[in-house]
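**Student:** Below: one structure in structure tokens.
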Amino acid sequence: MAPRFTLLLLLLSVCRPAVGLLYPRASESRDLVSLDGMWKFRVSPPSDPDVGFRDRWYSRRLEASGDVIDMPVPCSFNDITTERAVRDYVGWAWYDRGLYVPSAWKDRRVVLRFGSVNYIAVVWVNGEVAGSHEGGHLPFELEVGTLLDLSGGFNWVTVAVNNTLDLETIPQGHITFKTDEERYPPGYFEQTYNFEYFHYAGIHRSVQLYTTPRTVFINDIFITTNFSAGTGPQPTAFVSYEVDVVRTDDKLYEPGLVRVLDGLGGVVATTVLVLLPEHGRVRGMVTIPNATLWWPVGMGEPAGHLYSLEVVQMTRQRGIRGADELDVYREPFGVRTVAWDADRLYVNEQPFYFRGFGKHEDANIVGRGLSLPLIARDINLLLWSGANSFRTSHYPYAEELLDRTDAAGIVVIDESPAIGLEGFGPTLLAKHQRVMTELVGRDKNRPSVVVWSLGNEPQSDQKAAGPYFQTVYNHTRALDPTRAITTVVSVAHDADLASASMDVICINRYFAWYQDSGRTELIERQIVAEALAWRRTFGKPLIVSEYGAGSVAGLRDLPAFIWTEDYQAEFLRQYFRGFDRLRASPWFAGEMVWNFADFAVPQEYIRPQFCSKGVFTRDRKPKLAAYVLRERYMAMVP
């Protein structure tokens, strides 16, 4: 029996999430309550995946449906239990938890926000459907004030999560039903994927309730920055903003305020925000004299300098708090520019060279779940290594991680979950465009994000790939004209149909690993020839976005042998020789090793549970390659 519920298409068509993707922040006008913690959890029987919908498990507490267990949120559900049936589950998994809501919220707008649920989520509040969302790794919000008991009564939230992937999801997967009844039971199916990492599932990031005023609230803020050239280390900065204000009545509105705050909350610039009665969007600009620029680590001091844009909007109607009702939101930002031409990518008008990593959100026990200790450790290891960048391969990472990259000055190539795409039909295209809308909407104000990646290793030699990626590029460019756009590719330069549309070329190449295995003496020759061929074909800046070799931690040999730490180190050194030759040309824009740390893979016979290409182990211990890479990266710091 198919693991997806057929009524889901109807749910997705009628349940729309709340607009706006500002990160929830408490303020004078906004309350914030975390729903993280232990939730109740169960999976649907594989033989009857739709039973939860048919028996309306959401209409009462989940315990009434049968046996449940405690499940931490945020976390992947796969590695929490000792049951193979949970680790490898494909289909509908169910969560619920109870809560009480402050009675002071009865006159407020109440929003339920999920940071990430992988892959499909349907949400009920007190047994009533609140909404749904398709796509992991990005947040969604639902207005739930009319569904909650705001008078002090008990409430519960139910979430049904489906992790099934097919050729019309992003990322894609395949469902194969086994029809040989001598070998397989009736209805037996296999889920496979167009990617190599383990397909973790569940409520992966924080769940929060927050409030705004009901009559007027700040829905979104879009910030772009520029600065005067040639004015010394502290130029004049120009901060352009667009504020989307939602009004729910025809009351009169007072002029609002826009202020720029420094890191200590001091006011460095102020202007008036005038909301005209017939408009909900306001554009303006504020000037910061003697501004401190946001610099990538190693390019300027201080690295990662941040300001906050404080927006205050007020209505003359008196609210429950006994004063004119107002909404206040503070959005962090940095003053920096991004530009590109046929030869280089520039940050603050200075050439930028990527020395970094491909990564994964992956760790013991939590899987792909949000882990603040892991974020702190990864940032410290990135800085220790001398890196200045990474790519969010192969999906958008947690906002809490990007908070740290903003503050540390670590540059990010922000990638969508579109990995290994094939087919390129209209349904897939529409979903891809929606994903890019959500990704840009979430990360548009982050100074650390300088490149949007539309995806990784599509079958870009298929005829339909050319117009497909041109369309997704145009869509993303319309959303954000300020950042470069790429698609990371793996096909041959003379077969690729995606890169012609892109601003920057990113290629993944594994000489002396997947081909000519063990022949490290060929690497320098092959990577130089490969890069030159791409340059001749497209004439754009080029980044080697993946190169790497696997190693089993502690396995050593002399001379180096494939899968040893010694081979991984020798492999990297040979790539470095080629990169040094290429760096003599301005168009060679960077090198990003694969991978930062070992990560989990599906069950297979070619790799023992993990992809071992990390320069750190899965628990973040350095291999020999980490020291080799650090020596190179630190020598490259200006």
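The values are calculated or read from the model by the stated rules, or taken from the named source; none is laboratory data. Small disclaimer: the values here were computed from a predicted structure and weren't measured. So basically every Cβ, Gly included, is an ideal-geometry build from the backbone, and we count neighbours across all protein chains shown. With ligands, DNA and RNA removed, areas are computed over all heavy atoms of the protein, side chains included. Shrake-Rupley method; radii C 1.70, N 1.55, O 1.52, S 1.80 Å.
**Student:** Give the accessible surface of the chain per residue, rounded to a whole number of Å², with probe radius 1.4 Å and ligands, DNA and RNA excluded.
**Tutor:** Details: 24620 Å² over 638 residues.
That works out to 39 Å² per residue.
**Student:** Okay, moving on. Roughly speaking, what is the stretch gain from Lys431 to Ala500, that is 0.36 nm per residue apart minus the C-alpha to C-alpha distance, in nm to one decimal? List each step's numbers first, then the result.
**Tutor:** Values: separation 69, 0.36 × 69 = 24.84 nm, distance 2.20 nm.
Extra length from Lys431 to Ala500 when fully extended: 22.6 nm.
**Student:** A follow-up question, please. Along the charge dipole of segment 98-145, pointing to its positive end and built from +1/-1 on Cβ of Lys, Arg, Asp and Glu, which listed residue (Gly127, Val111, Phe140) has its Cα farthest out?
**Tutor:** Sorting the options by dipole projection puts first Val111.
**Student:** Two decimals is fine: what is log10 I(q)/I(0) at q = 0.13, 0.14 Å⁻¹ for segment 414-523, from a Debye sum with one equal scatterer on every Cα and no solvent?
**Tutor:** Summing over Cα pairs of segment 414-523 leads to -0.50, -0.57.
**Student:** OK, next. Could you sort Ile410, Ile80 by their accessible area in this structure, using a 1.4 Å probe and putting the largest first?
**Tutor:** Working: Ile410 0, Ile80 55 Å².
Output order, biggest surface exposure first: Ile80, Ile410.
**Student:** Based on DSSP H runs of at least 4 residues, each adding -39500 (n - 2.57), what is the mean residue ellipticity at 222 nm of the chain after dividing by all its residues, to the nearest 500 deg cm²/dmol? Don't jump to the answer; show the numbers that get you there.
**Tutor:** Details: 10 runs with 119 residues, N = 638.
Computed ellipticity for the chain at 222 nm equals -6000 deg cm²/dmol.
**Student:** Right, something else. Run the dipole for segment 69-155 about the Cα centre, Lys and Arg Cβ at +1, Asp and Glu Cβ at -1, nothing else charged, and hand back the magnitude in debye, nearest 20. Write down the numbers at each step before the final one.
**Tutor:** Values: 7 positive and 11 negative charges, 39 e Å.
Computed about the Cα centre, the dipole is about 180 debye.
**Student:** Tell me the Kirkwood hydrodynamic radius of the chain in angstroms, computed as one over the mean inverse distance between distinct C-alpha pairs.
**Tutor:** On the way: mean 1/r = 0.0385 Å⁻¹.
For the chain, inverting the mean 1/r across all distinct Cα pairs yields 26.0 Å.
**Student:** Just round it to a whole percent: the fraction of Cα-Cα distances in segment 599-638 exceeding 16 Å. Walk me through the numbers on the way to the answer.
**Tutor:** Numbers: 380 of 780 pairs.
Tail of the P(r) past 16 Å holds 49 percent of the pairs.
**Student:** A further question on this structure: Given all pairs of different Cα atoms, what value in angstroms does the Kirkwood hydrodynamic radius of segment 561-638 take?
**Tutor:** Details: mean 1/r = 0.0724 Å⁻¹.
About 13.8 Å, per the Kirkwood formula over Cα pairs.
**Student:** Between Rg and the Kirkwood Rh of segment 435-593, both from Cα atoms, what is the Rg to Rh ratio? Provide the component values of the computation, followed by the final result.
**Tutor:** Numbers: Rg = 17.4 Å, Rh = 17.0 Å.
Looking at segment 435-593, the ratio lands at 1.03.
**Student:** Ok, one more. Using a 7 Å offset from Cα along Cα-Cβ at Asp403, what residues in segment 433-449 end up with backbone N under 11 Å from the label point?
**Tutor:** none
**Student:** Fully extended, how many nm does the chain gain between Glu521 and Asp341 (0.36 nm per residue separation, minus their Cα-Cα distance)?
**Tutor:** Working it through step by step, the gained length comes to 61.4 nm.
**Student:** Find the Rg to Rh ratio for segment 335-434, where Rh is the Kirkwood radius over alpha-carbon pairs and Rg uses the same atoms.
**Tutor:** On the way: Rg = 15.9 Å, Rh = 15.5 Å.
My calculation of the ratio gives 1.02.
**Student:** On the accessible surface of the chain, probed at 1.4 Å, how many percent belong to carbon and sulfur atoms? The partial results should precede the final answer.
**Tutor:** Working: 13110 of 24620 Å².
For the chain, the apolar C and S fraction of the accessible surface comes to 53 percent.
**Student:** Going 7 Å from the Cα of Ile365 along its beta-carbon direction, which residues of segment 168-208 have the amide nitrogen within less than 19 Å of the resulting point?
**Tutor:** Residues passing the 19 Å test: 200-206.
**Student:** By how many nm would the segment from Glu181 to Glu349 grow when fully extended, if each residue of separation counts as 0.36 nm and the alpha-carbon distance is taken off? Display every interim value, and only then the final one.
**Tutor:** Values: separation 168, 0.36 × 168 = 60.48 nm, distance 6.52 nm.
Gain on stretching Glu181 to Glu349: 54.0 nm.
**Student:** Taking 35 Å as R0, compute the FRET efficiency from the Cβ-Cβ separation of Glu63 and Tyr193 and round it to 0.05.
**Tutor:** Working: r = 33 Å, r/R0 = 0.95.
So the FRET efficiency works out to roughly 0.60.
**Student:** If the limit is 27 Å between Cα atoms, which of Lys359/Lys540; Lys463/Lys540; Lys178/Lys613; Lys431/Lys463; Lys359/Lys431; Lys106/Lys444 go over it?
**Tutor:** Values: Lys359/Lys540 25 Å; Lys463/Lys540 22 Å; Lys178/Lys613 33 Å; Lys431/Lys463 20 Å; Lys359/Lys431 24 Å; Lys106/Lys444 33 Å.
Distance filter (> 27 Å) returns Lys178/Lys613; Lys106/Lys444.
**Student:** Moving to a separate point now. Set Lys and Arg Cβ to +1 and Asp and Glu Cβ to -1, take the dipole of the chain about its Cα centre, and tell me which of Leu326, Gly425, Tyr510 lies farthest positive.
**Tutor:** About the Cα centre, the residue reaching furthest to the positive side is Leu326.
**Student:** Kirkwood hydrodynamic radius of segment 486-540 from all distinct Cα pairs, in Å? Spell out each step's value before the answer.
**Tutor:** Working: mean 1/r = 0.0841 Å⁻¹.
Computed over Cα pairs of segment 486-540, the Kirkwood hydrodynamic radius comes out at 11.9 Å.
**Student:** Follow-up. Counting DSSP beta bridges with both partners in the chain, what percentage is antiparallel, nearest 5? Write out the running numbers ahead of the final one.
**Tutor:** Details: 102 of 134 bridges.
So the antiparallel bridges amount to about 75 percent of the total.
**Student:** A further question on this structure: If one computes P(r) from the Cα atoms of segment 87-195, what percent of pairs lie at distances over 25 Å? Don't skip to the end; give the middle numbers.
**Tutor:** Details: 2254 of 5886 pairs.
That tail contains 38 percent of the Cα-Cα pairs.
**Student:** Would you be so kind as to identify which of Phe154, Phe217, Thr179 lies farthest towards the positive end of the dipole of segment 149-304, taking Lys and Arg as +1 and Asp and Glu as -1 on Cβ and the Cα centre as origin?
**Tutor:** Sorting the options by dipole projection puts first Phe217.
**Student:** Still on this structure, I have one more. Please work out the FRET efficiency for the pair Arg56 and Val267, using the Cβ-Cβ distance as r and a Förster radius of 35 Å; give the result to the nearest 0.05.
**Tutor:** Efficiency computed from Cβ-Cβ geometry: 0.05.
**Student:** Can you list, largest first and rounded to whole Å, the semi-axes you get for segment 280-389 by taking the square root of 5 times each eigenvalue of its Cα gyration tensor?
**Tutor:** Working: eigenvalues 250, 125, 33 Å².
Taking √(5λ) for each eigenvalue gives 35, 25, 13 Å, largest first.
**Student:** Could you give log10 I(q)/I(0) at q = 0.10, 0.12, 0.15 Å⁻¹ for segment 35-136, computed by the Debye formula over C-alpha point scatterers of equal weight, without solvent?
**Tutor:** Rounded to two decimals, the profile gives -0.30, -0.43, -0.67.
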